[in-house]
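Remarks on the structure that follows.
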Amino acid sequence: MKASDVLLDGFGTDGNELNPRKTIRGYLKYKWLFIIGVLCALVFAGIYLFYATPLYQISSKIVIRDREKGVDFSDNPLMQELDSYRSSKIIDNEMEVFKSVQLMESVLEDLDIMTLVYSKDRLGRKKEFYKTNSPILIDWSNREWQYELDDDEYKVSIINDNSFELAVEGTKKIHRFGEVISGHFGEFTIDLRGDVVLDSLDSKNFSIYFRSAEGLARNYSSALNVEPTNKQSSVLQISSLDNIPERGVAIIDNLILKYNSQTENEKNQSATTVVSFLSGQLNTLATEIDVIESDIERLKNQNQISDLGTEARLYLEGSNQNRTQISAYRTQIQVVESIQNLLRSTTSEDSKTIPSSLTLTDAALVNAIESYNELQRERDRLLRDVQPNSTLVLTLNDRIASQRSFIMENLNNLKSSLQIATRNLEANSSRFEGRSSRIPQIERELEEITRLRLNKLEQYQDLNRKNEEAQMSLAATSNSFLRIVDTARASYTPVKPNIILVIAFAIIMGFGIPFLIVFIKNFFNNKIENKSEVQNLTGLSVIAEISRDENGENLVFSDKIKSPVAEQFRLLRSSVFSLNKGKGNGVILVTSSVSGEGKTFCSLNLGASLNLIDKKVIVLEFDLRKPSLLKSLKMPKEKEGIIEYLTNKNPDLDSLIKKHPNQENFYYMGAGKLASNPSEIMSLPKLGEMIQELKSRFDYVIIDSSPVGMVPDALAITSYADITLYVVRSNYTTTDHLSILSNYGIKERLNNPMLVLNGISVAHGYGYGYDYAPALN
């Protein structure tokens, strides 16, 4: 089944073809429901717009330093040199940093906006105040959270310029402005703004709410929207909604400043670690150089040495290269040992970094140290937002520990190789010294000490240069982490509530809810409503549609009442003539599926309409189980009737036929005294004799029979009928009732079956043309 078939179930279809006009008419029956629905929805929308708090959009744009996307603010070569400890940012990570609760909490504490002040106007609309715009000022410097209240609203009612009434949880107390008040959230004071005139205030009643920085920060962080302007760009747009534009602008501007400040502190912490390490190494080298110089001075003083001989200089120059290399190796070993000592003195949870550029020549080791330092800095940043036992932090600790083990292993290997090389060079030097027996021992010691001094001085100068670079980077204050493209700005008009969207939604709901009601009603309604439904279900033609009689009369033909229903019965009479092929007489059987569908009503009025054209008509009350013909005619119940005639209890047919007192040539015959076996009575041969006798006396014999869907009585008369009128009542007869005609072969047993749709609404039936009556003078 198609979705359109479900939506249009019950109206607007002719067979398998959609009839748009009937579809629209099917809904127009409920036009007042749609009109009322739209009006109510618009009223509710107006009330919502009237009381809704307008929200403004506050947005700002910044550029994050991201070298992967070609953004680096350090264009000055000198600044690049000084910026050696400044790392590039990954924009996805920085988006999460901006939305961190800790960062927002520090912003709110700096702005001091943890107290909310509201008032209501005469119409009940809520208004929030911000800092100096508020008639009352709250100083909540001594904050203390004792417990949460069920209703944490502090109600302030201004009495005069000096005092006010404070109510909380039903307790009221009068205070003076500026008085220190001990509340559930610590001590605070309430002051009246100096330029406030009480008579000019819309309301002197205010509501105060105290909020924790963390709780308020969670609300603001969740409402903050941080997203890149496009996938290839490192430009971030930071936006939020706030009912007070000034507050929203202040929060976003301070959020950017706080982020940049924390990132700058992170860089400074890394540089400070390097400076501290280099300073310690410089102090150690200075001490060693002082000791060497003291040894030289002591040796010269003891041996009265003033100059070296030419021969010693020539020989020693040959071994100078080995000695220089040995000194370089020893320096490397000292650096390795210094780094090893630093690593042994720290654990994976410490945040110390390792100087990565201290005379180490092993590129792999230098890269490993740089990776270790980057992991340490990443861990420090995570700890500002998450707990130490977080999965991310624990994973990062494992990576740091693994990297530290890798560095230690490389340091051990490097140290071993340096020691082996040093021993080899020292062995070569020993051979040279063995051959230089002619050089005084004093001179050799002096030269060795001198070379060691020179090496220490070179090492000291190199470390001192790096220390100066680190200190200059620490002192640099360039804002190279981000660049503000647009400062925070508020929209000129509120973005929420959107009046157009609210009204459009109200109109949609105003139509949608009635449509849903009508759809559900029709979806679960299996009652017949219109002509096309009856014809589609039965395959029979509807020869007349009878409207509901608003007058409540069983006989609609009257000189006093001009009824459109009477005209419909005249149309039915014309259709009967056509079906009877112009013959002036006939037997008409009137039946239905169940009781209450109006077969008796149709029988009487069809007979009355035939009587109006001088046709002699008799109506037979052949519903021998629940007769209602006499009751509809407002005639007393007869003691003898059809049953008595068929059972030979009263063979006098003339005595059973009664004339209507107000209608000429209009006769009727009652059922008589009810019997327990009506089916057997109607099977008696005398039934045919009675019908033939009545046909000879009357032009039309109308049989008001029992419903075929309940009892088989009417089927015993079908053979005598020239025309069978099957009455169906709109909004009463169900599809299950009509299925009786086809499911049990009843339709085939009826002679010339035709349908009469009874009880239709005038607005959806004919409803026109019945006021065209002759103008009588």
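The values are calculated or read from the model by the stated rules, or taken from the named source; none is laboratory data. A quick note: this is a predicted structure, and the numbers were derived from the prediction, not measured. Please note: Cβ atoms are built from the backbone with ideal geometry, for glycine as well, and neighbour counts cover all protein chains shown.
Summary of values
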{"item": "Flag for ALA566 being more than 60 Å from the chain's Cα centre (by Cα) and either exposed (fewer than 15 other Cβ atoms within 10 Å of the Cβ) or within 25 Å of SER761 (Cβ to Cβ) (or both)", "result": "no"}
{"item": "Pairs where the first residue, in the stretch 515-529, is within 17 Å of ILE35 (Cβ to Cβ) and outside the structural domain of SER730 (by TED's automatic domain parsing) and the second is of a type in the set (Phe, Trp, Tyr) and assigned to a helix (DSSP H, G or I), C-beta under 7 Å, 6+ apart", "result": "VAL518/TYR27"}
{"item": "All helices (runs of 4 or more DSSP H) inside the stretch 670-744 with 1 or more residues being at pLDDT below 85 and surrounded by 14 or more Cβ atoms within 10 Å (Cβ to Cβ)", "result": "678-682, 735-743"}
{"item": "Those helices (runs of 4 or more DSSP H) lying entirely in the stretch 1-117 with at least 2 residues modelled with pLDDT of 80 or more and among the hydrophobic types (A, V, I, L, M, F, W, C)", "result": "31-51, 91-98, 101-111"}
{"item": "Elements of type strands (runs of 3 or more DSSP E) in the stretch 155-262, at least 1 residues being without any contact (Cβ under 8 Å) to a residue 12 or more places away in the chain and either farther than 28 Å from ASP385 by Cα or touching a His at 6+ places or on another chain (Cβ under 7 Å) (or both)", "result": "163-168, 171-176, 180-183"}
{"item": "Residue within the stretch 632-648 that is more than 19 Å from ASP704 (Cα to Cα) and free of Cβ contacts under 8 Å to residues at least 40 places away in the same chain present", "result": "yes"}
{"item": "Residue count for the stretch 189-222, restricted to those that are exposed (fewer than 12 other Cβ atoms within 10 Å of the Cβ) and hydrophobic (A, V, I, L, M, F, W, C)", "result": "1"}
{"item": "Failed item, numbered, when ALA223 is tested on (1) closer than 23 Å to SER141 by Cα; (2) at pLDDT 80 or above; (3) of a type in the set (A, V, I, L, M, F, W, C)", "result": "(1)"}
{"item": "Criterion (surrounded by 16 or more Cβ atoms within 10 Å (Cβ to Cβ) and in the same structural domain as SER730 (by TED's automatic domain parsing)) met by exactly one of PRO627, PRO651", "result": "PRO627"}
{"item": "Any helices (runs of 4 or more DSSP H) falling wholly within the stretch 597-653 and containing at least 2 residues that are farther than 22 Å from PHE557 by Cβ", "result": "642-646"}
{"item": "Residues satisfying the stated conditions in the stretch 512-530, i.e. crowded, with 18+ Cβ neighbours inside 10 Å and either among the small types (Gly, Ala, Ser) or modelled with pLDDT under 85 (or both)", "result": "VAL518, ASN522, ILE528, GLU529, ASN530"}
{"item": "Any chance LEU738 is assigned by TED's automatic domain parsing to the domain that holds LEU606, touching a helix residue (DSSP H, G or I) at 6+ places or on another chain (Cβ under 6 Å) and in contact (Cβ under 8 Å) with a residue 24 or more places away in the chain", "result": "yes"}
{"item": "Sole exception among (1) modelled with pLDDT of 90 or more; (2) in a loop (DSSP other than H, G, I, E, B) for MET509, by number", "result": "(2)"}
{"item": "Residue among LEU392, LEU446, LEU425, LEU454 that alone is assigned to a helix (DSSP H, G or I), at pLDDT 80 or above and farther than 22 Å from LEU342 by Cβ", "result": "LEU454"}
{"item": "GLU597, sole failed condition from (1) touching a helix residue (DSSP H, G or I) at 6+ places or on another chain (Cβ under 8 Å); (2) closer than 23 Å to SER574 by Cβ", "result": "(1)"}
{"item": "Members of the stretch 679-714 that are more than 22 Å from ASN611 (Cβ to Cβ) and touching a strand residue (DSSP E or B) at 6+ places or on another chain (Cβ under 9 Å)", "result": "MET682, SER706, PRO707, VAL708, GLY709, ASP713, ALA714"}
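Rundown of residues vs (1) at pLDDT 75 or above; (2) surrounded by fewer than 18 Cβ atoms within 10 Å (Cβ to Cβ); (3) within 17 Å of GLN325 (Cβ to Cβ), yes/no style:
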{"position": "GLU458", "(1), (2), (3)": "yes, yes, yes"}
{"position": "LEU463", "(1), (2), (3)": "yes, no, no"}
{"position": "ALA470", "(1), (2), (3)": "no, no, no"}
{"position": "PHE481", "(1), (2), (3)": "no, no, no"}
{"position": "ILE484", "(1), (2), (3)": "yes, yes, no"}
